[in-house]
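Enquirer: I'd like to ask you about the structure that follows.
Every number in this text was worked out from the coordinates using simple rules, so none of it is lab data. Please read these numbers as outputs of a predicted model, since none were measured by experiment. As a convention, Cβ positions derive from the backbone with ideal geometry for all residues, glycine included, and neighbour counts pool all protein chains shown.
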Amino acid sequence: MLPSLVLGLLWTAICTAEEHTRLRVLVVGGGIGGLAAGKAAKNHGHSVQIFESRQRHRYGGVNYYLWRNGLNALKELGISTGGLGLALSQVRFFDADGKLIRNISLDASEPPWGVDVPRRALLSRLQRPMRRHIHFGKEVAHIECRPMNVSVTFADGTTAEGDVLIGADGCSSTVRRLIFPEAPQPQEAPATSIGGLIELSPLHRSPPARLLRECCRGRAFDYYLRAGVSMLLIPCAPHTVGWVFCVHEALERRKCPHGALAKCTPMEWKTFVEGQFRGFSVPMVSAVLSYIKWGAAEASLKEAGDAHLATTVSNAPVLWRWYDLPELPSYSSDGAVLIGDAAHCLLPTLGLGANSAIEDAVLLFETLRHHGFGDKAAGVTHRPVSLLPGSARLREGLSAYSELRRPRMATMRLMGRKELNKIYVNGPLGNLLRWALLRCASDEAVFTGNAQLYGGYDGLKQFRQRLTHRKENMRPVE
């Protein structure tokens, strides 16, 4: 009787002492995923520091499409989505002659499938509540995961110590390389993109300006396709149009001056892009090309040192290679965990990168909440799921997040590779197959079927169901 009473009192003491444990959270990477992770940590009552290797935020890049799951995740973080972007009403496919091949309406969906957002707008919205927590110029040099904490040493000689380390430092993640030295590295995918934002002044009254305003009013996601190359036009604000030119590497090797756009100057990009679209008798494409400031990209690229984030000049283009990260055996190791592109660098064919990074942040701290980590004032009411001490229970929580998250991300990776093969087919036979699919297949087959993976899919809800099921089926570990 006495031993049972003692054990009961001990269990009560453990639950009372550790039921609402606050964590010291270190986040490496100040992009979309890192800022979202910082906000999630703050919402759960944890202390948080975000370390960004750059000297300041770069507001370049092009735009993101935030699907419904991404918007839901932002709302859970307490980030307002009002006025953030432009909800699109339709997806249209055109051939090289400007002939409409397929038009798929998105208006029947309520709430909307999502919104198209300039990267700088999303970054600013996430950065606003986290300004006091960001440290710039912090390049990670060494990580040490100890039994009770995690220590990070930076290139400038400074160190930081915390309970958990979150690697949100992108596709070429330093955190991933240090905690998983044997893990596969990102592989170049057979495609390159050049893109930018066209911002229209109210004073612009030229025919190209009128065409682009018409594109904004129509709220249409337009694909212009031919063998090995495509142009995407996506309005993301009442007077702003995002454009992305994508080229398959087979065409790039044959037609590019140096065999690869990444080896060319922005003025050589111009020659290549205009050459590829010379045969397009499409006024909208001509309007886009007339607005691009190729010369401005030269100076911007030299200043930034990163083609993907270079542009700070309106209407200047940026270039990025596509990368595919093979599936990792785990997202966590001891007290460190990976999220976003550091964990699962997805091809851009599905437009899921930012969405999945924000979702990761929400779900990671949801998992830790179920393992007893968080502040009572932040609404944490769950007891620990095991009798393990705090440090071991934290590692158990990180491992649970990895176990539950990886299957969905593996499915998305495979879907992205299938889309790449479907969109950027080469040769006459490939063209015929693509046009046959677009003309004859159902909307479900062409586009909306993928909604089960993003637009019409409640990833947060399914993850929580699996997390609850896992918790109910776990026995306390003594």
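Enquirer: Residue-wise, which Karplus ³J(HN,Hα) couplings in Hz belong to the stretch 358-367, taking 6.51 cos²θ - 1.76 cosθ + 1.60, θ = phi - 60°, and x for glycine or proline?
Expert: So the J values, rounded to whole Hz, are 5, 4, 3, 4, 5, 6, 4, 6, 5, 5.
Enquirer: Moving on. May I ask you to compute the full-extension gain from D156 to E327, defined as 0.36 nm times their residue separation minus their alpha-carbon distance, rounded to one decimal in nm?
Expert: Working: separation 171, 0.36 × 171 = 61.56 nm, distance 3.23 nm.
So the chain would gain 58.3 nm between D156 and E327.
Enquirer: At a 10 angstrom cut-off on C-beta neighbours, averaged per residue, how do the peptides 86-97, 223-234, 117-128 rank from highest to lowest?
Expert: By packing density, highest mean first, the sequence is 223-234, 117-128, 86-97.
Enquirer: Taking R0 as 45 Å, what's the FRET efficiency between T468 and E139 from their Cβ-Cβ distance, rounded to 0.05?
Expert: 0.70
Enquirer: If you don't mind, there's one more thing I want to ask. Order of 210-219, 345-354 by packing, highest average Cβ count within 10 Å first? Don't skip to the end; give the middle numbers.
Expert: Values: 210-219: 17.0, 345-354: 23.4.
Ranking, from highest mean packing down: 345-354, 210-219.
Enquirer: Related question: May I ask you to work out the translational diffusion coefficient for the stretch 88-170 at 25 °C, viscosity 0.890 mPa s, via Stokes-Einstein with Rh from the Kirkwood sum over Cα pairs, reported in whole µm²/s?
Expert: Rounded, D is 138 µm²/s.
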